[in-house]
């Protein structure tokens, strides 16, 4: 089911947004992931985001929780209220989509999955697959994607998900990719107005172009993984996030920021 929101943006025909991903919030404020305090780094990132001043919304692209629970999502909702923007969340492999739906729909926080403003549509997809770190687009989700794309004819489109749909040349991470990425691209290839696909999950910056469509992976708000690694490894980069400008002519301008 499409949950539609019409965005209110500062500049006509343009959307300025920030992508935060893989926050991995835990119930214990002192808990570490890869030696990093995830609550502390998220707060640092939020402070940096609030200083931008020209953003319209924030997208959180999954793995919001470390171990999902009512306590963790209530804590996260409180933290996200510090962001001076509307916040839209999708699920990752560490999340519980049902709990997110129940607990992340108040104040400035929402799990709406179809956002529009002017000449742009933003489609948020759920790739959560219970019991595995990999992802999958269910038949229902692929049908919802097609409905959203049909409703977006005449607009430029940005698609957002958690799992990476293409290889990032990192064997251990690629074993946890979107298992039916080809189904995603079959759906997208039927339309000529898709301009970008963004995701989280990989805890690193990534960028390629496929058939003129930008494919972008983004760093985590906490710990980063070594790029192109055979096995799991921690990079020494700090917390990060991505900003994107969706311009009226369909061009996407983007930058990764390190905190």
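Computed from the coordinates by the stated procedures, all read-outs in this text should not be read as laboratory data. Nothing here was measured: the structure is a model prediction, and the numbers come from that model. No Cβ is skipped: glycine too gets one built from the backbone with ideal geometry, and neighbour counts run over all protein chains shown.
Quick notes on this structure:
- DSSP bridge analysis restricted to the range 4-258 gives an antiparallel fraction near 50%, rounded to the nearest 5.
- In a fully extended conformation the segment linking residue 210 and residue 190 would gain 5.8 nm over its present Cα-Cα distance, using 0.36 nm per residue.
- Computed E for residue 253/residue 2 - FRET, C-beta separation, R0 22 angstrom, nearest 0.05: 0.20
- Going from the residue with the fewest nearby Cβ atoms within 10 Å to the one with the most, 214, 1 rank 1, 214.
- Rounded to whole Å, sorted largest first: equivalent-ellipsoid semi-axes of the range 4-258, Cα gyration tensor: 25, 21, 18
- Computed packing ranks the peptides 74-80, 110-116 as 110-116, 74-80, most packed first, by mean other Cβ atoms within 10 Å.
- Placing a label point 7 Å from the Cα of residue 232 along the Cα-to-Cβ direction, the residues of the range 88-102 whose backbone N falls under 20 Å of that point are 92-96.
- Sequence-separation-based contact order of the range 4-258, relative, with Cα cut under 8 Å and 6+ spacing, percent: 21 percent
- Convex hull volume per residue in cubic angstrom - Cα atoms of the range 64-143: 102 Å³
- Förster-model FRET efficiency, 30 Å R0, residue 48 and residue 138, C-beta, rounded to 0.05: 0.30
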